[in-house]
């Protein structure tokens, strides 16, 4: 009797799990497809710029890096000086793994002439997790070359990406305003200016620390990035953009980057020590980010430095 | 291994498959014990060693108290058992705190060579299983419960992994009869358990972990934020703790239900409480009822000779214990003291309140009570969240309605509000209309399952998948 009852309950249970699973699959597919469509038709904003940089730009010069790249390099200024097209690929809150994945994706399509890779003083510091790679999830299915890097987030990423919604997790409210309104389009060729000065806003400036524990995955990604540029004959420039610092010192990251630069014979421009930018709180929005005025100064300066380097 | 990890979901699926294939109830229990021990082992060896030792000792203590009840040996065993359990908790959880404060105190008298702290790892779930075992021993001593002679049933009570990490603090009377039954696949258990799991994950991933991003970033640089930001952050933290702990409890109850066990309800819409007394009847019920039964009631009886003052003393002591149960920090002591003060004031003003109720419409009184309770809980939880008393007081002093509100990323703020809105709609409907907004009455399973499928979709859309562990895992 109990065995019969058990059998009946088990069959019912599997039937319901199947129906619920099917319902989830259909809803996931429908909602996921909708999100994917909204993502693709973005006309401005951060997602639009990432897709544009990855799938459409044919600029001669590409700028890679995190927020400091995104807010410090004005493509038009660099372009005017060097007479080459420029696109800023910088993205807030990401690290060198993102840059390496993006480079792999771009090189499948075309080869830029010059790459400026902007680094922060602790770019290679040991990471607790690689969750910032979630911004690449929408490209997981199409750009198979990026998968090994996105999979660093967790060993279950391939399973999680079976969901059509998961790659677009937490994107809906960022995407919707870009569909409805074109107000707030402030970026040109990927550059996003930031306004306001730390001096006026009375923001307490903080110095950077020297994080001595470096992340082997990040070092490997930087090494691969540099190696690939060398192989594809792309002129690579490593740049530490300005930082409001009280005390200047070499971090473990800076030492490692110099070491790799020597290995691949790549020039390094370190503006952390530059007196033109250092310690001037009116051109910073916070300790690590120049405001638009600072970005104007810096873009002119970096363009001049690259120009000299190209002439030599 | 966290409940909100993908690894755990795979682990649990494997457990269910094996569990229901086991035909014999003793083997089922043994399997559950082994699974729970594996779960503890995943955390660290020390936790495994401590819980095994404590469980085996208390199994014999329970039987010893019963058999030697009427003589000195029984009394000795009882007090020894209580002492060992409290010492175990004290040693791992409070020893360093005690030493640090002792050193500080001795430092005032220029005492040299203060004792060194041990920096011990806190065994997982220690506060929860210690209170469970203490309740079990006291119940045997007071003859409210027979000791469990079947060691598999007893070990299952202590180890049972869904409740091990963060409760509920289950009563033996509720658990033992369930642990003695054979478990079969029951559609109703899977259905109810599955619903609890989905709702629990929604609370944790959509609400708690989303708000945590904002709250953590504000607390990280609290001195740089405006008064209004700290105010909003403090209010949001109330929802974060509620969604985090209630979410955990629902997940734990859901897992247990699928395994054929009913764990006690731990939250009953606490943010809709009309008073602090009402709040503690709805918040962390397994802890508040435990403290009520084993601390407050005996103390009130002991102090009844001194009248109202006795009740106040009993209340104060009970809530200081509630506070310090959460952790070895002065912030938790202050949290407990505040609860004690609020409750004493409520008791003292009870008559006036009743008089007022005859003059003012009930909805105004209830509305004011609701608001007041929420404010008082928000204030208390500033101490709960702050890493130190100094920071708590600084935050408290800085709170006002001036300045520019820090929104983080505007979308992050909106995601939090969507989650809170769904949570409060659920709670309000259940409170007023006694209706669960996710439960459809229909003969068709598809219609009944649809709201829960939508919750999963919302989790996938706006849940935070890289959030941290549950707040109450730290206790």
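The values are calculated or read from the model by the stated rules, or taken from the named source; none is laboratory data. Values in this document were obtained by computation on a predicted structure and should not be read as measured data. In this analysis, Cβ positions are derived from the backbone assuming ideal geometry, glycine residues included, and neighbour counts consider all displayed protein chains.
Some points to look at:
- Only helices (runs of 4 or more DSSP H) whose full extent lies in the stretch B:1-107 are considered here, and the ones with at least 2 residues that are surrounded by fewer than 17 Cβ atoms within 10 Å (Cβ to Cβ) and not assigned by TED's automatic domain parsing to the domain that holds residue B:134 are B:6-19.
Yes or no, residue by residue, for (1) within 28 Å of the chain's Cα centre (by Cα); (2) modelled with pLDDT of 90 or more:
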| residue | (1), (2) |
| --- | --- |
| B:401 | no, no |
| B:406 | no, no |
| B:439 | yes, no |
| B:452 | yes, yes |
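- Qualifying residue in the stretch B:362-374 (condition: crowded, with 19+ Cβ neighbours inside 10 Å and in a helix (DSSP H, G or I)): yes
- Residue in the stretch A:56-77 that is over 17 Å from the mean Cα position of the chain (by Cα), in a helix (DSSP H, G or I), modelled with pLDDT under 95 and more than 14 Å from chain B (Cβ to nearest Cβ) present: yes
- Scan of the stretch B:384-410 for residues that are loosely packed, with under 14 Cβ neighbours inside 10 Å and within 21 Å of residue B:326 (Cα to Cα), ordered by number: B:387, B:388, B:390
- Helices (runs of 4 or more DSSP H) wholly inside the stretch A:114-227 containing at least 1 residues that are over 19 Å from residue A:243 (Cβ atoms), within 14 Å of chain B (Cβ to nearest Cβ) and at pLDDT 85 or above: A:147-150, A:157-160, A:172-180
- Within the option set B:381, B:423, B:430, B:460, being within 28 Å of residue A:19 (Cα to Cα), touching a residue at least 60 places away in the same chain (Cβ under 8 Å) and crowded, with 18+ Cβ neighbours inside 10 Å holds for one residue only, B:423.
- Test: residue in the stretch B:332-342 that is modelled with pLDDT of 90 or more and out of contact with any helix residue (DSSP H, G or I) (no Cβ under 9 Å at 6 or more places or on another chain): no
- When B:231, B:263, B:165 are checked against the criterion of being assigned by TED's automatic domain parsing to the domain that holds residue B:366 and either modelled with pLDDT under 90 or in contact with a helix residue (DSSP H, G or I) (Cβ under 7 Å, 6 or more places away or on another chain) (or both), a single residue qualifies: B:263.
- Condition met for residue B:223 (surrounded by fewer than 23 Cβ atoms within 10 Å (Cβ to Cβ) and not in a helix (DSSP H, G or I)): no
- Set side by side, the residues B:438, B:396 differ, and just one is assigned by TED's automatic domain parsing to the domain that holds residue B:272 and closer than 25 Å to residue A:165 by Cα, which is B:438.
- In the stretch A:253-283, the qualifying residues are those that are in contact (Cβ under 8 Å) with a residue 60 or more places away in the chain and part of a helix (DSSP H, G or I), and the one that is surrounded by the most Cβ atoms within 10 Å (Cβ to Cβ) is A:253.
- Of the residues in the stretch B:178-197, at least one is in contact with a helix residue (DSSP H, G or I) (Cβ under 9 Å, 6 or more places away or on another chain), away from chain A (no Cβ under 14 Å), in a helix (DSSP H, G or I) and closer than 21 Å to residue B:438 by Cβ.
- Qualifying residue in the stretch B:274-291 (condition: on the phi < 0 side of the Ramachandran plot, surrounded by 18 or more Cβ atoms within 10 Å (Cβ to Cβ) and not in a helix (DSSP H, G or I)): yes
- Of all residues making up the stretch B:433-449, the number that are at the interface with chain A (Cβ under 7 Å from one of its Cβ atoms) and surrounded by 15 or more Cβ atoms within 10 Å (Cβ to Cβ): 2
- The set of residues in the stretch A:83-113 being in contact (Cβ under 8 Å) with a residue 12 or more places away in the chain, surrounded by fewer than 21 Cβ atoms within 10 Å (Cβ to Cβ) and in a loop (DSSP other than H, G, I, E, B) consists of A:84, A:85, A:92, A:93, A:108, A:109, A:110, A:111, A:113.
- The single condition among (1) at pLDDT 90 or above; (2) farther than 14 Å from residue A:116 by Cβ; (3) more than 9 Å from the chain's Cα centre (by Cα) that residue A:98 does not meet is (3).
- Residue in the stretch A:25-35 that is under 30 Å from residue A:193 (Cβ atoms), touching a helix residue (DSSP H, G or I) at 6+ places or on another chain (Cβ under 9 Å) and within 13 Å of chain B (Cβ to nearest Cβ) present: yes
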